[in-house]
Structures are given as structure tokens and as C-alpha cells.
1. Using the basic label-point model (7 angstrom from Cα toward the beta carbon), what is the residue 90 to residue 193 distance in nanometres?
2. Residues of the stretch 155-184 with the amide nitrogen closer than 15 Å to a label point 7 Å from the Cα of residue 136, along Cα-to-Cβ, please.
3. With everything on Cα atoms, drop me the angle between helix 44-55 and the longest principal axis of the chain, reported from 0 to 90° to the nearest 10.
4. In Å, what Kirkwood hydrodynamic radius results for the stretch 1-63 from the alpha-carbon pair distances?
5. Can you compute the modelled spin-label distance between residue 32 and residue 103, with each label point 7 Å from Cα toward Cβ, in nm?
6. By how many nm would the segment from residue 181 to residue 59 lengthen if fully extended, with 0.36 nm per residue of separation less the alpha-carbon distance?
7. Can you give me the relative contact order of the stretch 34-105 as a percent, contacts being Cα pairs under 8 Å and 6 or more apart?
8. If I take R0 = 22 Å and measure r between the Cβ atoms of residue 45 and residue 66 in this structure, what FRET efficiency does the formula 1/(1 + (r/R0)^6) give, to the nearest 0.05?
């Protein structure tokens, strides 16, 4: 079946393969995909808009109700639409902290993670860098990791006073926690493993 051959994950299709299809075939396939995901079926003009963007190699990013269809690299995703992101800083504590569209989890681990200390969680404003051997801009780090652009402003940035010392991981998108040089727990120390869990993936 054509849909099965293009499916990379439950909510993800191979964009390169989609670009080889005729637009009418693509519209039908997108409809079958959303139906298989048991999502509300958007009108035909929505599917045609997505299909037209795919075949003309334009970036895909459209929504219908609670549904979002987005592109990242060579993949097309059907996602739950997330509410507006929180931007308020908060103290990092052990356990689960609810945030808009998901939760931040902080677990205590032994011999790894972010060295235990007092930290504050803030969110991206632009121009931040993380020191890992040499200072690396978050923009470059995100591009290298493939974290989707629409999630980057939601990512918890972990600060010790005014220094950015870590980025939370996002397991649902394959993004590992990043820790600055000098802040990784040693084998004899307890550390924090911080992750952002979102409600967007199906």
C-alpha cells in the first residue's frame, strides 16, 4: 500500500516520496493518512493546500482546528496543535511541573546529568549560547540536532544565576539534554535529568 511505504512513524511521512506524487494522488493519500490517525477530516481545500505546498517544495505549516500539519527536514508530521507557550521563569524542582502543552520532568540520577544545585528555568529570547568546549549558539545547536523550529521557543533553558548551563531534553523529538562544560555531575555526584514532554505527537 502506498501509504504504508511512505510512513516513517505513526504521525510522520517521507516528504521526499510525497513530492514525487501527482497532486490528486497526494490529496487522497493525505486524507487516508489523517483518517488512519482517527483525526477530524479537514475540508478538501485544506488537503489541497498541503499537497500544493509539498509538490512545489514550499515549507508546509498549516492548521485546521486542533490539527497541525508541519514539515521538518524531509519529514511531514500530523500533530496536535499546542496552546501558546508559557514564557514565565520558574525555579527548577524535582518532580513534574505542568507547562502549556505538556510538562517538564526533573529526575534525580546518580553519576550523570546536570550537577545538583539551585537553578531557574527560562525560555529563549535569542542570542543565547551554551559552553561545550567552545561557546555554541542555540541556533546552531538546534540546527545540528534537528529540533523542529516551532518547538525551540518552548524548550526549557536552565540557568545558574545568569549563566545558561543546560537545555532540557525533548524525548518525543529525539533531542537529548545538553549540559554546559563544568556542570555535568561526576560519578560520585547526584545530578538532574530534565526533559520536556509535549502533547503534540500522536
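1. If labels sit at residue 90 and residue 193, their model points lie 2.1 nm apart.
2. 165-170, 175-184
3. Here the helix axis deviates by roughly 70 degrees.
4. On the way: mean 1/r = 0.0850 Å⁻¹.
Computed over Cα pairs of the stretch 1-63, the Kirkwood hydrodynamic radius comes out at 11.8 Å.
5. The two pseudo-label positions are separated by 3.8 nm.
6. Contour length minus the Cα-Cα distance gives 40.3 nm.
7. Numbers: 68 pairs, mean separation 11.7, N = 72.
For the stretch 34-105, the relative contact order is 16 percent.
8. 0.75
Every number here is computed from the coordinates shown, using simple stated rules; none is lab data. Predicted model, so just to flag it, every value in this text is computed and none were measured. Every residue, glycine among them, receives a Cβ derived from its backbone with ideal geometry; neighbour counts consider all protein chains shown.
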